[in-house]
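Presented below is the structure to which this report refers.
The values are calculated or read from the model by the stated rules, or taken from the named source; none is laboratory data. Predicted model, so just to flag it, every value in this text is computed and none were measured. Cβ sites come from the backbone with ideal geometry, for glycine too, and all protein chains shown count toward neighbours. Please note that ligands, DNA and RNA were not included when accessible areas were found on the heavy atoms of the full protein model with its side chains. Shrake-Rupley method; radii C 1.70, N 1.55, O 1.52, S 1.80 Å.
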Amino acid sequence: ASYTRPLSGPTTMTLSGRFSIENKTSRLGLASVDLVVPPDNPYATSPDIGFPIRRLIGEYSPLERTSRIRTATASLALDGELARLTWSISAKWSRFQAETVTGGDPDPAPVQQAIDAGETGLDPFGPLPLRLLRLDRGRTARFRSDRTELAASAQGPVVDVPAGALTANFNLNAAINRIASVVEGGRDEGSARLSRNSFVASAGFNVPIA
């Protein structure tokens with residue numbers, strides 16, 4: 001959305017903003033567990049070494065990944081004249097925010113312990129008892145970035161000299177960036193923050209020569 005209106009004299013103001021929401025859900029396939037059948041297990045395929053297997057757990061619904069994305073922007077612009085100069089000022093703020101939740105596979109530890117202990121009736125290649133399959137809490141990742149920008153400029157004649165008018169232009173630009181991320185669950189659990197600021201100013205003059 002955008003809105004423009006004149007202020008006092010030649011000054012005009014423009015306001016604009018935007019907000020969007022995006023939700024997505026995807027299926028990642030059946031949950032699974034990685035197990036090792038020890039050589040002394042009754043169902044072992046080798047008497048010398050453990051046999052690694054990956055079991056798909058069809059008793060649970062397929063794992064899901066849910067993503068929620070929010071974006072927002074807002075800006076303000078002013079334009080006008082001061083004496084013989086024309087000037088403009090603009091400010092803009094934007095945010096990107098995302099959260100991703102990924103379902104986790106069952107914890108293999110209880111099943112592996114039962115297999116290692118040779119629990120009666122537990123076939124590593126057959127149906128696994130649900131009492132030993134506890135779904136992991138999964139992984140949640142959150143990310144947010146904020147950016148604020150400011151720009152100002154002015155140009156025009158500032159003084160008259162014998163050969164004409166001396167003109168000048170002034171520019172100012174500044175930006176502030178903030179980034180934050182958090183991961184809960186999974187091997188890369190942790191958080192991080194990053195900030196970066198920039199500031200640039202410049203001025204130029206044009207001197208007429210007779």
Quick one: which residues, 5+ away or cross-chain, put their amide H under 5 Å from the amide H of VAL36? H built at 1.01 Å from N. ILE53
Point-charge dipole on Cβ atoms (K/R +1, D/E -1) for region 106-182, about Cα centre, debye to 20: 200
Please give the FRET efficiency for LEU56 paired with ALA192, using the beta carbon to beta carbon distance and R0 = 35 Å, rounded to the nearest 0.05. 0.55
Using a Gaussian network model on the chain with a 10 Å cutoff between Cα atoms, which of ASP116, ASP136, ASP105 fluctuates the most? ASP116
So with the 1.4 Å probe, I'd like the accessible area per residue for the chain, rounded to whole Å². 65
Whole-Hz Karplus couplings 3J(HN,Hα) for region 5-20, θ = phi - 60° and coefficients 6.51, -1.76, 1.60, Gly and Pro as x, run 8, x, 9, 6, x, x, 7, 10, 10, 10, 10, 8, x, 8, 9, 9
Beta bridge orientation in the chain: antiparallel %, DSSP, nearest 5: 100
State the Cα centre-to-centre distance between region 95-134 and region 2-36 in whole Å. 37
Ranked from the most accessible area to the least, with a 1.4 Å probe and all protein chains present, what is the order of VAL37, VAL101, VAL183? VAL101, VAL183, VAL37
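Rounded, prolate or oblate: which fits region 77-191 when a ≥ b ≥ c are the square roots of the eigenvalues of the alpha-carbon gyration tensor, with rounded for a/c under 1.5 and prolate only if a/b beats b/c? Walk me through the numbers before you get to the answer.
Working: a/c = 9.34, a/b = 6.59, b/c = 1.42.
The shape class here is prolate.
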Using 16 Å as the cut-off for backbone N distance, which residues of region 168-210 belong to the label zone defined by a point 7 Å from the Cα of THR66 along Cα→Cβ? 184
Dipole axis of region 20-103 (+1 Lys, Arg; -1 Asp, Glu on Cβ), positive-most option in SER75, THR102, SER88: SER88
With bins of 5 Å, the percent of all Cα-Cα pairs of the chain per bin from 0 is 1, 6, 9, 9, 9, 8, 8, 7, 6, 5, 5, 5, 4, 4, 4, 3, 3, 2, 1, 1, 0, 0
TYR60 - accessible surface, heavy atoms, 1.4 Å probe, Å² rounded to 10: 60
